[in-house]
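I have placed the structure first, in the form of structure tokens, so that the comments after it can refer back to it.
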Amino acid sequence: MINPNALASKIMAQKEYVVTASLQYQQSLDYIYHEVELRLAANQVTCLLGQSGCGKSSLLKHLVGLHKSAFVNELAIQTNEDASLDVKKFRQSLAYMAQQDLLLPWLSVIDNVLLAYDLKRPILKNKSQFDQTLKDRALSILEQVGLSNKADHNVSTLSGGMRQRVALARTLIQDKSIILMDEPFSSVDAITRDKLQQLSCHLFKNKTVLLVTHDPLEALIMGHNVLHFSSFPERPIAKNELTKEELIKTKAKRKALESMPLPNTYPPRKIGEEVSSFHGKLMQMMQARR
């Protein structure tokens, strides 16, 4: 077993994003998290594990900017060189792939891939109105995901795995440097999921990826770094020691992102004895940190 960060240290020193975030939906409710720190290594896949309701998907949506109406919505981003980044500019470098494929059933495969460009200008009725260079790029990406022969098919005729590959292609064509993925393969069968995991690692090999998942096996297959959204037992607090607001913040601060151990190999990893062994270790650690 290697140190959780050893794999990253073997790679040439590189840029790292350091994100500090606090989120509270309403003043009367607990913080979802408070001043939690996320370290996101550039050009690597970072997987975020944790039990349901711990705040994984909320953090992803926070990065994208989907919590604008929250009572507390704080986000600070800098690099490991201590350079502060403008949040708005940072968000312009993001592509977001949700749990659902979010394809429009009345459009063809290629029109769904090009949908991101529709959203930046008046809606176009079909791909014939797109620049030929852009269409050629969309076809090239569809070929990479194995769907070039389905470009003109309606997405309603596709299987679940094919639909996820269309969603991958739509994410790729945006050509963003940072990819956020929220359990995108959770709805497909195990064999299809493994193929999509291997494919994603290949397609995103020069991208910075943050993948939210419930599945430690998926994290082991895809991750250069694996973080666990951990909660810790509350320390005893004397009566009247803290105000209600301070107590809420103290409770939220008991959440942290902790590094998890990984095999001494690079992703994508094949399922085998070593990965299976680490799967058991991660399961034990996750149960202990609930």
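The values are calculated or read from the model by the stated rules, or taken from the named source; none is laboratory data. The structure presented is a predicted model; accordingly, all values stated were derived computationally and were not measured. Every residue, glycine as well, gets a Cβ built from its backbone with ideal geometry; the counts of neighbours run over all protein chains shown. Side chains are part of the model used for accessible areas, which takes the heavy atoms of the whole protein and leaves out ligands, DNA and RNA. Shrake-Rupley method; radii C 1.70, N 1.55, O 1.52, S 1.80 Å.
Some notes on this structure:
- Single condition SER187 does not satisfy, out of (1) within 28 Å of ARG289 (Cβ to Cβ); (2) of a type outside the set (A, V, I, L, M, F, W, C); (3) modelled with pLDDT of 95 or more: (3)
- The range 75-86, residues that are loosely packed, with under 15 Cβ neighbours inside 10 Å and within 18 Å of LEU23 (Cβ to Cβ): ALA76
- Hits in the range 172-184 - residues which are part of a helix (DSSP H, G or I) and either at pLDDT 95 or above or open to solvent by 10 Å² or more (accessible area, probe 1.4 Å) (or both): LEU172
- Residues of the range 185-198 classified as open to solvent by less than 40 Å² (accessible area, probe 1.4 Å), in contact (Cβ under 8 Å) with a residue 40 or more places away in the chain and in contact with a Lys or Arg (Cβ under 9 Å, 6 or more places away or on another chain), total: 1
- Unmet criterion (only one of (1) under 28 Å from PHE185 (Cα atoms); (2) not in a loop (DSSP other than H, G, I, E, B)) for LEU104: (2)
- Taken together, VAL64, VAL36, VAL72 contain a single residue that is among the β-branched types (Val, Ile, Thr), touching a strand residue (DSSP E or B) at 6+ places or on another chain (Cβ under 6 Å), within 26 Å of GLN284 (Cα to Cα) and surrounded by 14 or more Cβ atoms within 10 Å (Cβ to Cβ), which is VAL36.
- Residue within the range 262-271 that is assigned to a loop (DSSP other than H, G, I, E, B), on the phi > 0 side of the Ramachandran plot and either modelled with pLDDT of 90 or more or surrounded by fewer than 14 Cβ atoms within 10 Å (Cβ to Cβ) (or both) present: no
- A single entry from ARG193, ARG165 fulfils the requirement of being touching a Leu at 6+ places or on another chain (Cβ under 7 Å) and of a type in the set (Lys, Arg): ARG165.
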